[in-house]
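**Student:** Take this structure first; my questions come after.
Readers should treat all values here as calculations from the given coordinates under stated rules, not as data from a laboratory. Just so it is clear, the model here is predicted, and its values are computed rather than measured. Because the Cβ atoms are built from the backbone with ideal geometry, glycine has one as well, and the counts that use them run over all protein chains shown.
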Amino acid sequence: MTKVVLPRTLEETLRVLGEHPRAVVYAGGTDVLVGLARSGQQPEVLVCLERVEELKGIEERKGRIWIGAGTTHAQVLESDLIRAEAGVLWLATSTIGSPQVRAMGTIGGNLGTASPAGDSLGALVVLGAEVELASEEGRRRVGVEEFLLGPGRTALRKGEIIVGVWVPKAGDWQVHYYEKVGRRRAMAIALVSMAAMVRLEEGVVQEARVAFGAVGPKVMRLKEVEGLLVGSRLEREVLEQAGKVAARSVSPIDDIRASAAYRRIVAGRLLLRLGEKR
Amino acid sequence: MQVRFTLNSREVELEVAGDERVVDVLREQLGLKGVKAGCGEGECGACTILVDGQPRLSCLMLAAQLQGREVVTIEGIQELAPGRAVQEAFVACGAVQCGFCTPGMVMSATALLMRSPRPTLQEVREALAGNICRCSGYQKIVEAVVEAARALEGEID
């Protein structure tokens with residue numbers, strides 16, 4: 001039988017993890033509990049983070065947006081601050097799962113699961129977000145791109161948990177875009193996804209950030225594509241060129257959801273979406 | 001371990017194994033068979049219940065998490081005006097075939113109407129996106145939710 005602990009504070013949480021280094025941690029359970037059910041694994045201790053106060057809340061702190069790791073996707077979607085200043089994250093979060101999954105799943109969980117297809121991850125990468133981690137030894141911050149190491153692998157150390165994400169405000173970037181291509185319109189794991197932010201001045205791209213999900217072992221930010229867009233307008237010819245670069249830059253695999261070839265084609269075509277809204 | 005929570009408007013105190021799934025606690029210990037265990041992976045929505053007003057998957061919740069919560073299952077949904085409206089509309093619109101998905105559908109629809117009394121068709125579809133039906137093709141289910149919203153609005157006016 002597994003002992004389930006529901007700590008109320010971060011201190012209590014870290015103490016429990018210190019006492020039980022092999023404890024399995026979860027918040028919403030939409031990934032971890034599914035994984036345990038499938039594997040049949042029965043950990044000695046399960047730590048549920050849903051009541052930990054310090055992991056809750058979305059607020060502006062020192063000019064950035066702090067999102068507690070225990071914030072559910074539904075709570076992210078209710079936030080006017082995120083919608084206004086981190087639109088790409090809002091859009092990405094709206095594609096996750098279903099209403100029930102969004103009421104339970106958390107942004108910390110999305111990071112911890114580190115699926116190559118994790119929807120909030122592409123958005124956090126283009127936003128240049130930082131992940132804050134805590135253990136009994138103290139706290140540290142790691143950029144999202146550094147934090148995600150590969151499928152299901154993160155820079156999290158033993159005894160550490162994700163406490164939250166720091167997201168720079170990007171309300172002045174005119175284009176925030178997220179698209180997830182999946183086999184159905186809800187409850188689908190992306191087979192290709194694109195997160196993008198573009199800052200324009202009189203229609204000319206000043207800065208661009210483009211990242212693809214589900215086409216490599218982790219979210220791939222494509223600097224070559226970004227470089228192509230800077231100084232141009234978001235018009236068909238440029239976007240087609242950028243799309244060709246994207247298609248050859250990604251590293252998809254064949255799997256149950258789609259072939260690598262299909263994913264490459266779709267990744268390239270997704271760039272065209274950036275021209276659609278103008 | 002002991003958990004104390006509100007279930008369908010009654011205070012409940014229960015001795016549970018902390019790691020037991022809430023769907024199993026509800027069905028086996030409390031005899032609430034209306035909550036269905038479909039996939040066990042959070043994909044089908046048949047186990048949907050309301051926890052503090054939010055639709056959640058009881059197959060992905062552990063008993064220890066019940067402490068202090070307000071839980072509503074299909075057996076208690078008629079105590080909420082939107083719940084009653086949805087139930088009546090499902091019957092009137094022929095939205096039930098085998099009935100297995102129905103409790104979960106009713107829970108999700110009720111959660112929707114509790115926060116959006118005048119949903120658009122698209123919003124209804126999105127609210128039901130986490131509930132799978134193998135019989136009906138969804139058409140009459142969606143119509144029933146739209147009808148329930150209309151009936152509720154009529155009551156308020």
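**Student:** Can you name the residue in segment A:166-195 that is under 17 Å from A:ALA86 (Cβ atoms) and out of contact with any helix residue (DSSP H, G or I) (no Cβ under 7 Å at 6 or more places or on another chain) and is also surrounded by the fewest Cβ atoms within 10 Å (Cβ to Cβ) among such residues?
**Tutor:** Selected residue: A:ASP172.
**Student:** On to the next question. Exactly one condition in (1) away from every other protein chain (no Cβ under 14 Å); (2) buried (at least 22 other Cβ atoms within 10 Å of the Cβ); (3) among the polar types (S, T, N, Q) is false for A:THR9; which is it?
**Tutor:** (2)
**Student:** Of all residues in segment B:47-70, which are within 15 Å of B:ALA111 (Cβ to Cβ) and either acidic (Asp, Glu) or crowded, with 24+ Cβ neighbours inside 10 Å (or both)?
**Tutor:** Scanning segment B:47-70 gives B:CYS47, B:THR48, B:ILE49, B:LEU50, B:ASP52, B:PRO55, B:ARG56, B:LEU57, B:SER58, B:GLU70.
Listed here are the residues, each with its yes/no results for (1) within 14 Å of A:GLY105 (Cβ to Cβ); (2) in contact with a Ser or Thr (Cβ under 7 Å, 6 or more places away or on another chain).
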| residue | (1), (2) |
| --- | --- |
| A:GLY29 | yes, no |
| A:SER39 | no, no |
| A:GLN42 | no, yes |
| A:GLU60 | no, no |
| A:GLY70 | yes, yes |
| A:SER79 | no, no |
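**Student:** Just to check your reading of the model, which residue among B:VAL71, B:VAL91, B:VAL35, B:VAL25 is among the aliphatic types (A, V, I, L, M) and without any contact (Cβ under 8 Å) to a residue 24 or more places away in the chain? Even if it seems obvious, please write down each step before you answer.
**Tutor:** Numbers: B:VAL71 fails: without any contact (Cβ under 8 Å) to a residue 24 or more places away in the chain; B:VAL35 fails: without any contact (Cβ under 8 Å) to a residue 24 or more places away in the chain; B:VAL25 fails: without any contact (Cβ under 8 Å) to a residue 24 or more places away in the chain.
Result: B:VAL91 is the single residue among B:VAL71, B:VAL91, B:VAL35, B:VAL25 that is among the aliphatic types (A, V, I, L, M) and without any contact (Cβ under 8 Å) to a residue 24 or more places away in the chain.
**Student:** Consider B:LEU14 against the criteria (1) more than 14 Å from chain A (Cβ to nearest Cβ); (2) farther than 22 Å from B:ILE141 by Cβ; (3) under 16 Å from the mean Cα position of the chain (by Cα): it satisfies all of them except one. Which criterion is unmet?
**Tutor:** (3)
**Student:** Separate question: Consider segment A:92-148. How many of its residues are more than 18 Å from A:GLU54 (Cβ to Cβ), away from chain B (no Cβ under 14 Å) and out of contact with any strand residue (DSSP E or B) (no Cβ under 8 Å at 6 or more places or on another chain)?
**Tutor:** Result for segment A:92-148: 4.
**Student:** I need the full set of residues from segment B:25-66 which are more than 10 Å from every other protein chain (Cβ to nearest Cβ) and part of a loop (DSSP other than H, G, I, E, B), in order please.
**Tutor:** Passing the criteria: B:LEU30, B:GLY31, B:LEU32, B:LYS33, B:GLY34, B:VAL35, B:LYS36, B:ALA37, B:GLY38, B:ALA46.
**Student:** Taking only segment A:114-131 into account, find how many residues are more than 10 Å from the chain's Cα centre (by Cα) and surrounded by fewer than 24 Cβ atoms within 10 Å (Cβ to Cβ).
**Tutor:** 2
**Student:** Residues being more than 25 Å from the chain's Cα centre (by Cα) and hydrophobic (A, V, I, L, M, F, W, C): count how many of those fall in segment A:7-16.
**Tutor:** Looking only at that region, the number is 1.
**Student:** Scan segment A:38-70 for residues that are within 14 Å of chain B (Cβ to nearest Cβ) and among the β-branched types (Val, Ile, Thr) and jot them down.
**Tutor:** Across segment A:38-70, the qualifying residues are A:VAL45, A:VAL47, A:VAL52.
**Student:** Could you identify the single residue in B:GLU147, B:GLU143, B:GLU126, B:GLU153 that is assigned to a helix (DSSP H, G or I), of a type in the set (D, E, K, R), within 14 Å of chain A (Cβ to nearest Cβ) and on the phi < 0 side of the Ramachandran plot?
**Tutor:** Criteria check complete, one pass: B:GLU126.
**Student:** Among the candidates A:ILE67, A:ILE96, which residue alone is surrounded by 17 or more Cβ atoms within 10 Å (Cβ to Cβ), closer than 20 Å to A:LYS169 by Cβ and among the hydrophobic types (A, V, I, L, M, F, W, C)?
**Tutor:** Working: A:ILE96 fails: closer than 20 Å to A:LYS169 by Cβ.
One residue alone meets the criteria, A:ILE67.
**Student:** In segment A:183-238, what residues are hydroxyl-bearing (Ser, Thr, Tyr) and under 30 Å from A:ASP255 (Cβ atoms)? Break it down stepwise before answering.
**Tutor:** Here is the first cut: in segment A:183-238, the ones hydroxyl-bearing (Ser, Thr, Tyr) are A:193, A:232.
Within segment A:183-238, just A:SER193 meets the criteria.
**Student:** Could you grab me the full set of residues in segment B:86-105 that are in a loop (DSSP other than H, G, I, E, B), surrounded by fewer than 24 Cβ atoms within 10 Å (Cβ to Cβ) and out of contact with any helix residue (DSSP H, G or I) (no Cβ under 6 Å at 6 or more places or on another chain)?
**Tutor:** Quick first cut of segment B:86-105, residues in a loop (DSSP other than H, G, I, E, B) only: B:93-101.
Imposing the further condition that a residue be surrounded by fewer than 24 Cβ atoms within 10 Å (Cβ to Cβ) reduces the set to B:93-94, B:96-100.
Listed by number, the residues that qualify are B:GLN97, B:CYS98, B:GLY99, B:PHE100.
**Student:** Among the residues of segment A:136-159, how many are free of Cβ contacts under 8 Å to residues at least 40 places away in the same chain and not in a helix (DSSP H, G or I)?
**Tutor:** The number of residues fulfilling the criteria is 11.
**Student:** Please work out which one of (1) more than 14 Å from chain A (Cβ to nearest Cβ); (2) within 30 Å of B:MET1 (Cα to Cα); (3) among the aliphatic types (A, V, I, L, M) is the condition B:VAL71 fails and give its number.
**Tutor:** (1)
**Student:** Let me ask you something else. Among the residues of segment A:165-211, how many are without any contact (Cβ under 8 Å) to a residue 40 or more places away in the chain and assigned to a strand (DSSP E or B)?
**Tutor:** Of the residues in that region, 8 qualify.
**Student:** For segment A:226-278, enumerate the residues that are in a loop (DSSP other than H, G, I, E, B), surrounded by fewer than 13 Cβ atoms within 10 Å (Cβ to Cβ) and basic (Lys, Arg).
**Tutor:** A:LYS277, A:ARG278 - these are the residues of segment A:226-278 that are in a loop (DSSP other than H, G, I, E, B), surrounded by fewer than 13 Cβ atoms within 10 Å (Cβ to Cβ) and basic (Lys, Arg).
**Student:** Residue under question is B:GLY18, and the condition is that it be of a type outside the set (Asp, Glu), in a loop (DSSP other than H, G, I, E, B), touching a helix residue (DSSP H, G or I) at 6+ places or on another chain (Cβ under 8 Å) and buried (at least 17 other Cβ atoms within 10 Å of the Cβ); does it hold?
**Tutor:** Answer is yes for this residue.
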